[in-house]
1. Kindly provide the set of residues from the stretch 71-87 that are modelled with pLDDT of 75 or more and not basic (Lys, Arg), ordered by number.
2. Just to be sure before I move on: is residue 86 surrounded by 10 or more Cβ atoms within 10 Å (Cβ to Cβ) and among the charged types (D, E, K, R) in the structure I sent?
3. For residue 63, only one of the following conditions fails: (1) small (Gly, Ala, Ser); (2) under 20 Å from residue 5 (Cβ atoms); (3) more than 16 Å from the chain's Cα centre (by Cα). What is its number?
4. Mind checking which pairs have a first residue in the stretch 1-20 that is farther than 15 Å from residue 32 by Cα and a second that is among the charged types (D, E, K, R), Cβ under 6 Å, 6 or more apart or different chains?
5. Pick from the stretch 31-59 the residues that are at pLDDT below 85 and small (Gly, Ala, Ser): which of them is surrounded by the fewest Cβ atoms within 10 Å (Cβ to Cβ)?
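The values are calculated or read from the model by the stated rules, or taken from the named source; none is laboratory data. The structure presented is a predicted model; accordingly, all values stated were derived computationally and were not measured. Note that we place each Cβ from the backbone using ideal geometry, even for glycine, and neighbour counts take in every protein chain shown.
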Amino acid sequence: MPLTVRIDQKTERLIQRLARKRGRSKSEVIREAIDILAKRAQELERTERPFEAVRDLIGSIRGGPSDLSERTGDRFRRMLEARPRRS
């Protein structure tokens, strides 16, 4: 499928030089460059940190205790103490 892209003269010369060195057409050089860029983008998506995966959810929940993250150790200890012990 034909596609037109406008580039500056410096980029045009670079593409021509790469095509000559590799014995390929300018179109093949451009397709290869796009393929490399797309693969890098996919790799970045796969190595995304958990934070990035849920970034849009952070801060979207309202309600609950305002001091939820404070004194969690104390709350956890009280919860364990309140549990019936196994014999």
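1. 72, 73, 74, 76, 79, 80, 81, 82, 84
2. Numbers: surrounded by 10 or more Cβ atoms within 10 Å (Cβ to Cβ): no; among the charged types (D, E, K, R): yes.
No: the conditions fail for residue 86.
3. So the condition that residue 63 fails would be (2).
4. none
5. Among those that are at pLDDT below 85 and small (Gly, Ala, Ser), it is 59.
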